[in-house]
Amino acid sequence: MGLTPLDVVKLLPRTNCGECGEVSCLAFAVAVLSGKRSPRDCPYLDPTLLAIPGEKTPDSELEQTRRILREIRQEVAGLDFSRLAPALGIEERGGRLYLPYLDGTVELTPEDARRLDGQELDPRDKILLYNYVRFQGKAPLSGTFVGLEAFPHSVSKVATLRRYAEEKMARALEQDESGLRRALSVFRVKELPGEADLAFEVWVLPRVPLRIYYWRGSPEEGLSPQVKVLYDLRATEYLDLESLVFCAERFTERWIEVGECSSG
Ligand code: SF4
């Protein structure tokens, strides 16, 4: 017999917090079993605890990533690179695009994408980069920054951003703020002095700036360290919400990695 919603509910914290976008944990359990939601949409659930028929195993997840990459590459192959490059803030030379990405530059063709410094690109990075090209930058950035919660249908993404970027950065900064400050020099960053204990704007891609604010917290007052990530109000003209969250996740991972190297 397969899983019932009650089996799934037993694995959830049953707080009905709504961060997954459903009104209750039970509604979420029903949505997961009917395939409308992924277990990953609840930030408090360990997806490996669930063996849902049809749910992705790590292998099929990799296969799915490859399939998405193939499809998105095919879509991008039909685009006129020289026409779309200016709107995306990137350079086109001889049918190849050159995209500043995190702390490197990527050469992208309809066949593949690679970092010019030889460092490996994860297939998820490639999907993000082809997606950026596919969006073709529909409108200029606004220069006004808002939290992810300001975008429609962002509830579950806000929870993912908090878990995989904001909380992770706050923990890392608490442990080694000076190392991470030094590591910022390899990214495309503008500091925003005086706006928090540490505040800066970082360009993950030429039209995807993130504003990152860090407050140290105060153990005497029971305040833990906090990080808040803001996006340009028109960020969704350049990427979908999931990709925008992924930009913050990847910046977090890379920043911590570079920080560890510079401290070690
Ligand atoms: S996010 Fe998780 S804990 Fe919160 S309501 Fe959804 S299922 Fe329940």
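Observations on the structure shown:
- Table column - 3J(HN,Hα) (Hz), the stretch 171-182, Karplus curve with 6.51, -1.76, 1.60, x for Gly and Pro: 5, 5, 5, 4, 7, 8, 5, 5, x, 6, 4, 4
- Neighbour-count ranking [beta-carbon atoms within 10 angstrom, fewest first] of 192, 173: 192, 173
- Pairwise FRET efficiency - residue 240 versus residue 117, Cβ, R0 = 30 Å, nearest 0.05: 0.60
- Dipole-positive endmost among 179, 153, 194 within the stretch 145-263 (Cβ charges, Cα centre): 153
- Contour minus Cα-Cα distance for residue 10 and residue 46 (0.36 nm per residue): 11.8 nm
- Reciprocal of mean inverse Cα separation for the chain (Kirkwood radius, Å): 20.1
- Residue order, fewest to most beta carbons within 10 Å, for 250, 124: 124, 250
- Given +1 at the Cβ of Lys and Arg, -1 at the Cβ of Asp and Glu and no other charges, the dipole of the chain around its Cα centre is 540 debye to the nearest 20.
- ³J(HN,Hα) computed for each position of the stretch 95-105 - Karplus, 6.51 cos²θ - 1.76 cosθ + 1.60, integer Hz, glycine/proline x: x, 10, 9, 10, 10, x, 9, 6, 9, x, 10
- Note, ³J(HN,Hα) from phi for the stretch 8-21, Karplus 6.51, -1.76, 1.60, rounded to Hz, x at Gly and Pro: 5, 4, 4, 8, 9, x, 6, 9, 6, 6, x, 5, 7, x
- Fully extended contour minus Cα-Cα distance, from residue 80 to residue 63, at 0.36 nm per residue: 3.3 nm
- Taking Cβ atoms as reference points and 9 Å as the exclusive limit, the residues near residue 216 contribute a net charge of -3, counting Lys and Arg as +1 and Asp and Glu as -1.
- Where labels lie 7 Å past Cα in the beta-carbon direction, separation of residue 70 and residue 191 in nm: 4.9
- In a reduced charge model with +1 at each Lys and Arg Cβ and -1 at each Asp and Glu Cβ, the stretch 145-263 shows a dipole moment near 300 debye about its Cα centre.
- When exposed loop sites are taken as GluC sites (Glu not before Pro) in a DSSP loop with at most 14 other Cβ atoms within 10 Å, the longest stretch of the chain clear of them is 1-110.
- Ranked for footprinting exposure by Cβ neighbours inside 10 Å, fewest first, 32, 204, 258 give 258, 204, 32.
- Against the empirical curve 2.2 N^0.38 Å, the C-alpha radius of gyration of the stretch 5-49 lands at a ratio of 0.95.
- Ignoring aspartates and glutamates fewer than eight residues from residue 10 along the same chain, the ones with Cα atoms less than 13 angstrom from its Cα are 46.
- Dipole in debye (nearest 20) - the stretch 58-135, about Cα centre, beta carbon charges: Lys, Arg +1; Asp, Glu -1: 240
Every read-out reported here was derived from the displayed coordinates using simple, explicitly stated rules and does not represent laboratory data. For clarity, every value in this text was computed on a predicted model and none was experimentally measured. In this analysis, Cβ positions are derived from the backbone assuming ideal geometry, glycine residues included, and neighbour counts consider all displayed protein chains.
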